[in-house]
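S.K.: The following block contains the structure, expressed as structure tokens.
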Amino acid sequence: MIDKLRSIAIFATVVDQGSFRAAALHLGLAPSRISEVVSQLEKDLGVTLLYRSTRQLSLTNEGRQLNDAAKDMLGAAESGLDAISPMSNEPAGALKVTAPAFVTQTELMDSFARFASAYPKVDLDFHFSDRPSDVIRDGFDLAIRAGWLDDSDLVARTIGHVDRFLVASPTYFASMPAPSNPSDLESWDWIRFAMRADHTEMTTKDGQVAKVLGKSSLSVNSASALYEFSVRGLGLTAIPEHLARRGFNRGELVHVLPEWTMKPLGIHAIWPNQSRRENLTTLFVRSLVGEQL
């Protein structure tokens, strides 16, 4: 039974890491040994757990069922170890985190670096992408999200916010009639962020509210792409403050209707309600909000 449990743990690592080679590096074993263990497990169980190709692995229905059970098994084991070796002594383990790509240019990177320096025995695996991942399906312990959260069964905590500015290149701005109100922007070309609403809501300090739809023939899934297209004069867009200020400092962008503001993007940490690495996850989140650890 002990050997079979070990084989199941290795199989779960292959799924978590996405390949035999990555699992081998993670576990410090030869890739051939990893493949041998999984093949023997399939033989013992009399089922195929993984479909193998030269580019990727995919789970069979039986493999998916076993992987779900393996996650519960490993989570229970880690919880047991935590109980007899308190996390406050010296946290150790692994955390797989996903975050938007634009985060790499924000102060959150300082928080990530401080955590990594404070807890050298915690292996951090960061995945940066502006396309949201499925936390549970993709095997992440925690996700950083920007925007406004939908209802879900995931635990969520707000860790900050990012202001947004409406910007355009000086050339594009000069080519359009000078705006005095958001409604004047309806005829402008808008560069849209694919994961955001089509309309843009803006407010003034005295409480005036306006919604602008605007025309758009260009949509992207990256905040950096919004910046790059806007500095090339393709239209108007809303980007995070750190990108906007870069454009202002370089003379590549101008602030459009600065007396009007947009709702900030909330920055949230979300994670499964029954996390397999609950103590590490909550420790990481607490460090992001600056709580005393």
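What follows draws every value from the coordinates through simple rules; no lab data is involved. Note that the structure is predicted; figures quoted are calculated from it, not measured. Please note: Cβ atoms are built from the backbone with ideal geometry, for glycine as well, and neighbour counts cover all protein chains shown.
S.K.: In Å, the Kirkwood hydrodynamic radius of the chain over pairs of distinct alpha carbons?
M.R.: Answer for the chain: a Kirkwood hydrodynamic radius of 22.0 Å.
S.K.: Which residue fluctuates most in the GNM of the chain (Cα springs below 10 Å): SER217, SER58, SER19?
M.R.: Maximum among the listed residues: SER217.
S.K.: Test of understanding: express the Cα radius of gyration of the range 164-262 as a ratio to 2.2 N^0.38 Å, with N the residue count.
M.R.: After normalising by residue count via 2.2 N^0.38 Å, the value is 0.97.
S.K.: Okay, moving on. Looking only at the chain, where both bridge partners belong to it, what percent of the DSSP beta bridges are antiparallel (to the nearest 5)?
M.R.: 65
S.K.: Moving on. Considering only the other residues whose Cβ falls under 14 Å of the Cβ of VAL38, what net charge follows from Lys and Arg at +1 and Asp and Glu at -1?
M.R.: 0
S.K.: Return the whole-Å distance between the Cα centroid of the range 234-267 and the Cα centroid of the range 1-64.
M.R.: Each part's Cα centre sits 47 Å from the other's.
S.K.: Something else: Going by how many other Cβ atoms sit within 10 Å of their own, how do ILE270, ILE10, ILE239 line up, fewest first?
M.R.: ILE270, ILE10, ILE239
S.K.: Quick one: of LYS215/LYS263; LYS43/LYS96; LYS4/LYS96, which pairs are farther than 27 Å apart, Cα to Cα?
M.R.: Distance filter (> 27 Å) returns LYS43/LYS96.
S.K.: Under 10 Å, Cα contacts only: if you run a Gaussian network model on the chain, which one of PRO264, PRO177, PRO132 comes out with the highest mean-square fluctuation?
M.R.: Result: PRO177 has the largest fluctuation of those listed.
S.K.: Amide H to amide H, which residues 5 or more places from TRP190 or on other chains are under 5 Å from it, using H placed in the peptide plane?
M.R.: Here LYS215, SER216, SER217, LEU236 satisfy the definition.
S.K.: Can you compute 3J(HN,Hα) from phi for each residue in the range 210-219, using the Karplus curve 6.51 cos²θ - 1.76 cosθ + 1.60 with θ = phi - 60°, rounded to whole Hz and x for Gly and Pro?
M.R.: Each residue's phi maps through the Karplus curve to give 9, 10, 10, 8, x, 8, 8, 10, 9, 10 Hz.
S.K.: Ok, one more. Once amide H atoms are placed 1.01 Å from N in the peptide plane, what residues at a sequence separation of 5 or more from HIS161, or on another chain, have their amide H within under 5 Å of its amide H?
M.R.: So HIS161 has HN proximity to ILE267.
S.K.: Further question: Out of the range 1-69, which trypsin sites (Lys or Arg not before Pro) are coil in DSSP terms and have no more than 13 other C-beta atoms within 10 Å?
M.R.: ARG55
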